[in-house]
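Single-structure report; data block below.
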Amino acid sequence: GAVIVLLDASASMSAIDVAPSRFAMAQAQVRELANGLSADGLLTVILVGRQPEVLATATRDTAAVIAAVDAARPQQGTVDWEAAFALAAGAARGGTPGETTIVILSDGGLPDGLAALPGEVRYVPIGSTEPIGRENIGIDAFSLRATASGPELFVRVTNFGTQPQRVLVTITSADQLVVSELVEVEPARSASVTLDDLVDVPSNFQAQLTAAGEAGGAPDAFPLDDTAWA
């Protein structure tokens, strides 16, 4: 019958707690589905992004499906599951519930209150369940703001993981070093770096986190939030 795949392309699918990444693992799952399709089967693939995109529509063309899925990339924000579910429901309307299987490839975090999907629904979890999968330290605030004494640059680093982390916070502007500072952050805690002696303020700053040698703590499973701009 018909197989409809919802492929999660949210930012968290960039995590590398599984090799080479969560999104790459999900792509491999779609390739397996395409290669295992029965002779009378039809495959639809929907990329769940900010604006969900149909990569393949009710096709038996395995090569075309694989090419479209291989070209897809995860995005850098949240995604619209409600719109993706609506697309999947529309694609399933052509057959009876017993003939349609909807496969959700995701690392979780689907919102509550989503409409029920027709047919059989299978959820395939993507990502590691080991503790290393929870290790992440990232920049969750970076801003240039005006104060009474002049411009101030502020960066906050948060350890979302379960182990202490030591990282180097490097701030540059126009490829020139502004400051580089070592910070130690306990689990579920934050550390900040503030610069308030800025004289000539350029238009753009970049902050970058790098592990502080072998003592830097557990590997970072989500490098996407290790860089920020202000």
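The values are calculated or read from the model by the stated rules, or taken from the named source; none is laboratory data. Worth saying up front: this structure is predicted, and the values here are computed from it rather than measured. For accessibility, only protein heavy atoms count, side chains too; no ligands or nucleic acids. Shrake-Rupley method; radii C 1.70, N 1.55, O 1.52, S 1.80 Å.
How big is the chain by the Kirkwood estimate over distinct Cα pairs, in Å?
Working: mean 1/r = 0.0501 Å⁻¹.
Radius from the Kirkwood sum: 19.9 Å.
Nearest 5 is fine: what % of DSSP beta bridges in the chain come out antiparallel, could you say?
Once the DSSP bridges in the chain are tallied, antiparallel ones form about 65 percent.
Accessible area per residue of the chain at 1.4 Å probe, in Å²?
52 Å²
To the nearest 10 degrees, how steeply does helix 62-71 sit against the main Cα axis of the chain, on a 0 to 90 scale?
The answer is roughly 10 degrees.
Quick one: angle between helix 81-92 and the longest Cα principal axis of the chain, in degrees between 0 and 90, rounded to 10, please.
Once rounded, one gets 10 degrees.
Once amide H atoms are built 1.01 Å from N in the peptide plane, which residues 5 or more positions from residue 17, or in another chain, come under 5 Å H to H?
Answer set, sorted by chain and number: 22.
Report, by chain and number, residues whose modeled amide H sits under 5 Å from the one on residue 107, excluding near sequence neighbours (fewer than 5 apart, same chain).
126
Can you tell me the 0 to 90 degree angle between the C-alpha axis of helix 22-35 and the longest principal axis of the chain, rounded to 10?
10 degrees
In the chain, what percent of the accessible surface is made up of carbon and sulfur (1.4 Å probe, ligands and nucleic acids excluded)? Mind dumping the intermediate values first?
Values: 6100 of 11850 Å².
On the chain, the fraction of accessible area on carbon and sulfur atoms equals 51 percent.
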